[in-house]
1. If I filter the stretch 226-235 for residues that are touching a strand residue (DSSP E or B) at 6+ places or on another chain (Cβ under 9 Å), away from ligand 1 (no atom under 16 Å from the Cβ), hydrophobic (A, V, I, L, M, F, W, C) and free of Cβ contacts under 8 Å to residues at least 12 places away in the same chain, do I get at least one hit?
2. Only one of (1) surrounded by fewer than 17 Cβ atoms within 10 Å (Cβ to Cβ); (2) part of a loop (DSSP other than H, G, I, E, B); (3) away from ligand 2 (no atom under 12 Å from the Cβ) is not met by Gly61, so which one is it?
3. Given the residues Glu63, Glu17, Glu28, which is the only one that is charged (D, E, K, R) and away from ligand 1 (no atom under 12 Å from the Cβ)?
4. Where residues in the stretch 38-54 are in contact with a Cys (Cβ under 8 Å, 6 or more places away or on another chain) and of a type outside the set (Ser, Thr, Tyr), which of them is farthest from ligand 1 (Cβ to nearest atom)?
5. For the stretch 15-57, which positions are within 14 Å of ligand 2 (Cβ to nearest atom) and in contact with a helix residue (DSSP H, G or I) (Cβ under 6 Å, 6 or more places away or on another chain)?
6. Scan the stretch 129-138 and tell me whether some residue there is in a loop (DSSP other than H, G, I, E, B), within 22 Å of the chain's Cα centre (by Cα) and among the β-branched types (Val, Ile, Thr).
7. Among Asp68, Asp57, Asp35, which is the only one that is out of contact with any strand residue (DSSP E or B) (no Cβ under 7 Å at 6 or more places or on another chain), within 11 Å of ligand 1 (Cβ to nearest atom) and assigned by TED's automatic domain parsing to the domain that holds Ile176?
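The values are calculated or read from the model by the stated rules, or taken from the named source; none is laboratory data. Treat the numbers as computed from the prediction; the structure is a model and nothing was measured. Cβ: placed from backbone, ideal geometry, glycine included. Neighbour counts: every protein chain shown.
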Amino acid sequence: MINILDEKTISKIAAGEIIENPAAIVKELIENSIDAQATSITVEIKGTATEGISVRDNGTGIESEDIDKAFLRHATSKMAQFDDLNYLKSLGFRGEALASIASIATVELLTKTKDSVTGSRTLVQHGDIVAQNKIGVPVGTTFYITDIFEHTPVRKKFLKAESVELHRIVDMVKKIALGTPHCAFKLIKNSRILFQSSTSTSLKDHVYSILGNMVAQMNYIEKDFDHYSVKAFFSDNTLYRSQRTEQYLFINGRYIWNVELARLIEKAYRSSIPLDRYPCFVIYLTIDPKLIDINIHPQKNEVKFSNGPMLMQSIRDLAEVSLATTKTFISSHIPS
Ligand code: ADP
Ligand code: MG
């Protein structure tokens, strides 16, 4: 027999693809805050990572008449038709995150726009709005997420130890902060600050404030191409890691993992750093949205380029130029 699943079941299944762990909740909520032009975002964990997460921003807020819609699947203010993806400036576009989070956790939303007199509070349980009232709050939006995976026990069972889930959150906030210099971030757990970044006008100051001293061993290089521009920091031949832990690529502000590009850049370093070691880089690629397809991965952290090989080669060339200008003489690396 073939069953047609009800909406609630469909939501929970769909949520599994986007909301794998508490860090994914943090990612989706922060991305919404960035899309809402926030310049300050505070993430707070109360208790363990599945007990309570809140994300507060000073962005545009949500209009009262839009609040109910925001929790529906495929409800978004960021696109109206498929072609809009060609002009996409926002991090979100599928309108699935809030519906997914609401289907696996309890959600409380406080929000106010600059033009509304009062703010509003909305409580969502099991995907349904169960309470809504007016409330005095500053302009912006705060989401409180509790009972995470409480009603999806299988999903909860697959979570890793608390320390691992927490590390994922810290890592996620750090990555997003690195890619978003115009916004200040704060991550707090039980009143302790785990991560903090401020807004910076200089990219170098920004990268330095997040990655710290290692940036002194990195070289900044930038270049404009026809349909894209690259601003990048590449490690010199004295800075490397045993894993690909310090390789960051941001495409139009979005953190992207692209192993092909990583391998290509690593080739440029092959004769300059020890075997089995990985160079560090932070690459900011600004590209016409028409030339990338971001819609190939549920969590949107992979892309397809329409002119991949040429683009990647041009970034590899930059790495090579950077390395050549910064190379310091290390006798132990000279092949015998
Ligand atoms: P998407 O980000 O793909 O549009 P979401 O489910 O994440 O979908 O959010 C649905 C909608 O709710 C967004 O399109 C936006 O209009 C609104 N929204 C969500 N979070 C915020 C926020 N922090 N500030 C302002 N609006 C928000
Ligand atoms: Mg979103």
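1. Taking the stretch 226-235 as the starting set, the residues that turn out to be touching a strand residue (DSSP E or B) at 6+ places or on another chain (Cβ under 9 Å) are 227-235.
After this cut, where a residue has to be away from ligand 1 (no atom under 16 Å from the Cβ) as well, the list is 227-235.
Add one more test, that the residue is hydrophobic (A, V, I, L, M, F, W, C), and what stays is 230, 232-234.
With free of Cβ contacts under 8 Å to residues at least 12 places away in the same chain added as a condition, the list becomes none.
No, the stretch 226-235 contains no residue that is touching a strand residue (DSSP E or B) at 6+ places or on another chain (Cβ under 9 Å), away from ligand 1 (no atom under 16 Å from the Cβ), hydrophobic (A, V, I, L, M, F, W, C) and free of Cβ contacts under 8 Å to residues at least 12 places away in the same chain.
2. Gly61 satisfies all of (1) surrounded by fewer than 17 Cβ atoms within 10 Å (Cβ to Cβ); (2) part of a loop (DSSP other than H, G, I, E, B); (3) away from ligand 2 (no atom under 12 Å from the Cβ) except (1).
3. On the way: Glu63 fails: away from ligand 1 (no atom under 12 Å from the Cβ); Glu28 fails: away from ligand 1 (no atom under 12 Å from the Cβ).
After applying the criteria, what remains is Glu17.
4. Pass one, the stretch 38-54, residues in contact with a Cys (Cβ under 8 Å, 6 or more places away or on another chain): 38-41.
Still in the list and also of a type outside the set (Ser, Thr, Tyr): 38, 41.
Numbers: Ala38: 7, Ile41: 9 Å.
In this case the residue turns out to be Ile41.
5. Across the stretch 15-57, the qualifying residues are Ala15, Ile18, Ile19, Ile25, Val26, Lys27, Glu28, Ile30, Ile41, Val55, Asp57.
6. Taking the stretch 129-138 first, the residues in a loop (DSSP other than H, G, I, E, B) are 136-138.
In the following step, the residues that additionally are within 22 Å of the chain's Cα centre (by Cα) were identified as none.
No: zero hits.
7. On the way: Asp68 fails: out of contact with any strand residue (DSSP E or B) (no Cβ under 7 Å at 6 or more places or on another chain); Asp57 fails: out of contact with any strand residue (DSSP E or B) (no Cβ under 7 Å at 6 or more places or on another chain).
Just a single option satisfies the conditions, and that option is Asp35.
Yes/no matrix, rows are residues, columns are (1) in contact with a Lys or Arg (Cβ under 6 Å, 6 or more places away or on another chain); (2) within 19 Å of Glu44 (Cα to Cα); (3) not basic (Lys, Arg):
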residue	(1), (2), (3)
Glu108	no, yes, yes
Asp115	no, no, yes
Thr118	yes, no, yes
Val124	no, no, yes
Asp128	no, no, yes
Lys134	no, no, no
Tyr144	no, yes, yes
